[in-house]
Amino acid sequence: MDIDLIELSALRIGNDSQNSGRIAKILSGILFFTILIGAYFFHSQAGYGREFSISILAGSALGFAMQRSRFCFFCNFRDYYQSGDPRGVLGILAAIAISTIGTFAIFDAWIPSPNAGYLPPNAFIGPVHFHLILGGLSFGFGMAISGSCISGHLYRIGEGSFGSISALIGAGFGFILGFLSWNSLYSLWVAEASVVWLPSNLGYAGSLGLILLVLLSAAFWVSKRGAIPEESIYLINPKSRFPASIFEGRWPSWFGGVLVGLISILYYLRVRPIGVTSELGRIARSFGNQFAILPERLYGLDTIAGCATKQEAHSLTINGIFVLSLVAGSFVSSLASDQFKPSVPQLPWLKSSFAFVGGIFLGWGACVSVGCTFGTFFSGISAGSLSGFVFAIGLIPGTLFGSYLLNPKASS
């Protein structure tokens, strides 16, 4: 009798689990069609139009791809230096390589001669000086302390991570601190800094070859010094049928990198380079101006190519709709794969405090660098800007130092 009751209880639990999974997939499908309807709505609205519509589609596609493949700059880097797993870093390098090839093809169509004396429109090609290294150090340190980069926190919100909200709030305050220090940094370094676009010095072929050589060398070095865990080589069940195979397990890192690279190319071709901090910085700047705590003028900030924070005509900006769509795309993916798990971390006040403090460093670094891992680093390198590489010079040691402070044994 007791055995029958146990079996009956187990059957009910199994049925409840199947029902909840079925409901989650239905909700995921409803949200997916809502995103499509939203894209159509903005396309047909005066004052918004095609760019807003494409931002919804590209942002949701990026969030979906990031959640499925766990595409996070910090997490992938941490997996490599703590456990020697190179797959995530190789996925990032693949994304940059594909994005660079596609972006250069666009440049060649728009500006046949890179020596024409002007830069590609909207490309994240910024001035190069010590402020980028400081910004990279701060951003890398903030990633380690908060647990992710800003784009990673955004897609994790779509998975139900409440700790990421604390990090983004902290990043907003970090932006305010960045605005307060901007004028001093600008007069000290940025005002006289050179804007270095590699194609104007090496041509398209030479600069593309150099960037790909650097990425290939990094991939070879990472692969040689790392090892893929045998138990996790196959992330997707080869026996699963479509469309179940899309949502069972994680996508391989290389596949996620390929998709991120392709999305970045299409988004730049139709709208602008990928970046995720403009709207957050704009909100922080508006907040600071409202309480009259920021300087009346931020010298040169609005003229630098990157994740701009100046006020725009619409209260809902292109970057704002892109970021919201990224979260929505991650939410669709996590629901459909039964990975949406609303979570409050253990020791919530302590973890939230770490996330908030780390977010401050993220925001300050993104402000003084006029972008983050997606903007200054990813889109900058893809555009052939030396600024992306200089930002990385600070980013890597900043991440390592923050990780060492949190866990000296794991980082040694």
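The values are calculated or read from the model by the stated rules, or taken from the named source; none is laboratory data. Everything quoted here is computed from the prediction, not taken from an experiment. Counting neighbours? That spans all protein chains shown, and the Cβs are built from the backbone with ideal geometry, glycine included. Side chains included, ligands, DNA and RNA excluded: accessible areas come from the protein's heavy atoms. Shrake-Rupley method; radii C 1.70, N 1.55, O 1.52, S 1.80 Å.
General remarks:
- Search result, residues across region 102-117 that are part of a helix (DSSP H, G or I) and farther than 21 Å from residue 370 by Cβ: 102, 104, 105, 106, 108, 109, 110
- Number of the condition not met by residue 140 [criteria: (1) part of a loop (DSSP other than H, G, I, E, B); (2) open to solvent by less than 20 Å² (accessible area, probe 1.4 Å); (3) not β-branched (Val, Ile, Thr)]: (1)
- Screening residue 241 with (1) under 30 Å from residue 131 (Cβ atoms); (2) at pLDDT below 95 gives one miss only, at (1).
- Evaluation of residue 192 against (1) modelled with pLDDT under 95; (2) in a helix (DSSP H, G or I) (one fails), failing number: (2)
- One residue from 57, 62 being of a type in the set (A, V, I, L, M, F, W, C) and open to solvent by 10 Å² or more (accessible area, probe 1.4 Å): 57
- Test: residue in region 386-395 that is assigned to a helix (DSSP H, G or I), of a type in the set (Ser, Thr, Tyr) and more than 21 Å from residue 70 (Cβ to Cβ): yes
- Residue 360 aliphatic (A, V, I, L, M), touching a residue at least 24 places away in the same chain (Cβ under 8 Å), closer than 30 Å to residue 196 by Cβ and surrounded by fewer than 24 Cβ atoms within 10 Å (Cβ to Cβ): no
- Scanning region 155-178 for residues that are surrounded by fewer than 24 Cβ atoms within 10 Å (Cβ to Cβ), in contact (Cβ under 8 Å) with a residue 60 or more places away in the chain and of a type outside the set (Gly, Ala, Ser) yields a count of 8.
- Among the residues of region 179-211, those that are aliphatic (A, V, I, L, M) and crowded, with 17+ Cβ neighbours inside 10 Å comprise 185, 190, 193, 196, 198, 208, 211.
- Some residue of region 118-125 being crowded, with 22+ Cβ neighbours inside 10 Å, small (Gly, Ala, Ser), in contact with a Cys (Cβ under 6 Å, 6 or more places away or on another chain) and part of a loop (DSSP other than H, G, I, E, B): no
- Selected residue (only one of 145, 150, 133 is closer than 27 Å to residue 68 by Cβ, open to solvent by 10 Å² or more (accessible area, probe 1.4 Å) and either among the acidic types (Asp, Glu) or modelled with pLDDT of 95 or more (or both)): 145
- Any chance residue 350 is more than 30 Å from residue 248 (Cβ to Cβ) and open to solvent by 60 Å² or more (accessible area, probe 1.4 Å): yes
- Evaluated against (1) over 29 Å from residue 368 (Cβ atoms); (2) in a loop (DSSP other than H, G, I, E, B); (3) in contact (Cβ under 8 Å) with a residue 40 or more places away in the chain; (4) open to solvent by 80 Å² or more (accessible area, probe 1.4 Å), residue 266 falls short on exactly one condition, (2).
- Subset of region 40-90 (residues that are without any contact (Cβ under 8 Å) to a residue 40 or more places away in the chain and among the aliphatic types (A, V, I, L, M)): 46
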